[in-house]
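A short write-up of the structure that comes next.
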Amino acid sequence: MREYKLVVLGSGGVGKSALTVQFVQSVFVDRYDPTIEDSYRKQVEVDGHQCMLEILDTAGTEQFTAMRDLYMKNGQGFILVFSIIAEATFQELQGLRTQIMEVKESRAVPVVLVGNKCDLEEDRRVSRERGDALSTEWGGTPFYETSARTRINVDEVFYDLVRLINRQSPINTERGAKKKRCKIL
């Protein structure tokens, strides 16, 4: 079974932990408790393949930015989260993406862009169109509006990131077959 290292990044209070816990445990965490670092494992099936996801839920606060380089170096795919009700959280994503590309020394890094808290439409500060425009600017990065509270697009974000990783480094399905072809002398 293939393992995937996924990293959830974004400003404090955007709902990174709520999204992750909703995906892993199907529970909505209503209170805000700043995260330093939490790691979760979940086995899922994506496109007919069993996958073990190791999800790193990171700190959004400035005091833990030194740990980010390590997350970025070890991660295979990234979920960049902003809150649709907080403009500043949207503005910070460009810097995070740039930092990921620098640490990974590549522009082709699997990333999914997420505008969380879409259930709070009446408080919206970042339009859907701006999320779409940023997705286009980033070369067609998948963009989802999610709600951890109502579970809108939560699974899709994680599954789509696995698909992006698979496109970049496909699953080797012939490995077992090659072992059977060994000659006996």
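The values are calculated or read from the model by the stated rules, or taken from the named source; none is laboratory data. Bear in mind that the values here come from a model prediction, so they are computed numbers and not experimental data. FYI the Cβ positions are ideal-geometry reconstructions off the backbone, even for glycines, and counts take in every protein chain you see. Ligands, DNA and RNA are stripped out before the accessible areas are found, and what is left, the full protein with its side chains, is counted by its heavy atoms. Shrake-Rupley method; radii C 1.70, N 1.55, O 1.52, S 1.80 Å.
Figures for the structure shown
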{"quantity": "Around Arg128: net Lys/Arg minus Asp/Glu count, Cβ-Cβ under 11 Å", "calculated": "-2"}
{"quantity": "Solvent exposure, largest accessible area first (probe 1.4 Å, DNA, RNA and ligands not counted), of Ser127, Ser147", "calculated": "Ser127, Ser147"}
{"quantity": "Whole-number accessible area per residue in Å² for the chain, which is evaluated in the context of all protein chains at 1.4 Å", "calculated": "54"}
{"quantity": "Overall form of region 70-169 per C-alpha gyration tensor (a/c, 1.5; a/b vs b/c)", "calculated": "prolate"}
{"quantity": "Pairs of lysines in the chain (C-alpha under 16 Å apart; 8 or more residues apart or interchain)", "calculated": "6"}
{"quantity": "Chain lengthening between Glu45 and Glu156 when straightened (0.36 nm per residue, less Cα-Cα)", "calculated": "38.7 nm"}
{"quantity": "For region 1-150, average projected area of the Cα convex hull in nm²", "calculated": "8.8"}
{"quantity": "Under the span-like rule (Cα at least 18 Å along the axis, Kyte-Doolittle mean at least -1.0), DSSP H helices of the chain", "calculated": "154-168"}
{"quantity": "Sum of side-chain charges, Glu137 neighbourhood, beta-carbon under 11 Å (Lys, Arg +1; Asp, Glu -1)", "calculated": "+1"}
{"quantity": "Probe 1.4 Å - accessible area at Thr89, Å² to nearest ten", "calculated": "10"}
{"quantity": "Sequence of Arg41, Arg167, Arg124, Arg68 from largest to smallest accessible area, 1.4 Å probe", "calculated": "Arg167, Arg41, Arg124, Arg68"}
{"quantity": "Sequence-separation-based contact order of the chain, relative, with Cα cut under 8 Å and 6+ spacing, percent", "calculated": "23"}
